[in-house]
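Comments concern the structure below.
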Amino acid sequence: MADVPDNAPQHCPGTASEQAGKTSSCEGCPNQKACASGDTKAPDPAIAEIGAKMATVKHIILVLSGKGGVGKSTFSAHLAHALASGLLDVDICGPSIPRIMGLEGEQVHQSGSGWSPVYVDDNLAVMSIGFLLSSPDDAVIWRGPKKNGMIKQFLRDVDWGELDYLIVDTPPGTSDEHLSIVQYLSSTHIDGAVIITTPQDVRKEIRFCQKVKLPIIGVVENMSGFVCPSCKNTSQIFPPTSGGAEKMCLDLDLPLLGKVPLDPRIARSCDEGKSFLNEVPDSPAAKVYLNIVQSIKDYCSNRVTEEQSTT
């Protein structure tokens, strides 16, 4: 969790928990007295600092998935390309964004206002732990508190400047990192989450968003059939086991933003560090992507209008 100190025992309940300093796992911890006193339940001062740092970012969008391998990072990269925005990779143990964006080998530089992101173009900035590793093959083997500390540092220290959109590529599943990013961004304006799935189900990820009161912009069904480049017929490579994303969205009253078909050229463009939307703009997958991007932009615009009308 985001509120677990680096020197805490393995089963620490977290400094903000009602059980802080009171459980058997707290015995012998150097923080036990402070936790039991209630002093640690004060808000993390970094939350206010992050709010001030992010004041120049108009819209923040999280990209989530229930499991790995569904194309979440690929979607995040294409969304960032289409919106000409900032892209923050908080998949600490599996950073793939530098390769997808064609930025492997790049390094982060520090200025008086914080860390400078790496730029693909003048209007597309990227930050990832991949830029801090000596080699793309280096393994990041960190426990939760250290990963959360890295996420906090990214949010507090990266100087994005004026941004219309910040896309946050999260790890798969629901873990410490997800709780941390929602907590640390609580003083900012998170527009919501886009959930990526294959034709299988992602109800657990949706329940997570509901529990932490994170708005859901919509669901994207990725790898939704293969369109033959010759005959144009669509074949189901991953047949839905429970009705697919469309049925799930109907059941849960959620927007289905689009169904992106499989296209080998997407993987190839990612391996080459190029934008699929620029390389093959007339493909069926690219057209679906652009419709999804427009839906997300409309959602963010409508959200701003609604907030202005209530103030």
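The values are calculated or read from the model by the stated rules, or taken from the named source; none is laboratory data. If you're wondering where the values come from, they're calculated on a predicted model, not measured in any experiment. Cβ: placed from backbone, ideal geometry, glycine included. Neighbour counts: every protein chain shown. Side chains included, ligands, DNA and RNA excluded: accessible areas come from the protein's heavy atoms. Shrake-Rupley method; radii C 1.70, N 1.55, O 1.52, S 1.80 Å.
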For the chain, the percent of accessible surface on carbon and sulfur atoms (probe 1.4 angstrom, ligands and nucleic acids excluded) is 49
Where does the chain land at 222 nm, in deg cm²/dmol rounded to the nearest 500, when only DSSP H runs of n ≥ 4 count, each adding -39500 (n - 2.57), divided by all residues? -10500 deg cm²/dmol
Quick one: work out Rg over Rh on the C-alpha atoms of the stretch 168-288, Rh as Kirkwood radius. 1.01
Averaged per residue, what accessible area in Å² does the chain show with a 1.4 Å probe, protein chains only? 48
Under 10 Å, Cβ to Cβ, from residue 222 - net charge with Lys/Arg +1 and Asp/Glu -1: +1
Do you know the relative contact order of the chain, to the nearest whole percent, from alpha carbon pairs under 8 angstrom that are 6+ apart? 20
Highest-first arrangement of 157-170, 75-88, 125-138, 45-58, where packing means the average Cβ count within 10 Å: 75-88, 157-170, 125-138, 45-58
Charged-residue dipole, Cβ positions (Lys, Arg, Asp, Glu), the stretch 41-96 about Cα centre, Debye nearest 20: 140
Calculate how steeply helix 72-83 sits against the longest principal axis of the alpha-carbon atoms of the chain, using the helix alpha-carbon long axis, and give the answer as 0 to 90 degrees to the nearest 10. 70
So if each residue of separation counts as 0.36 nm, and I subtract the Cα-Cα distance between residue 162 and residue 246, what length gain in nm does that give? 26.6 nm
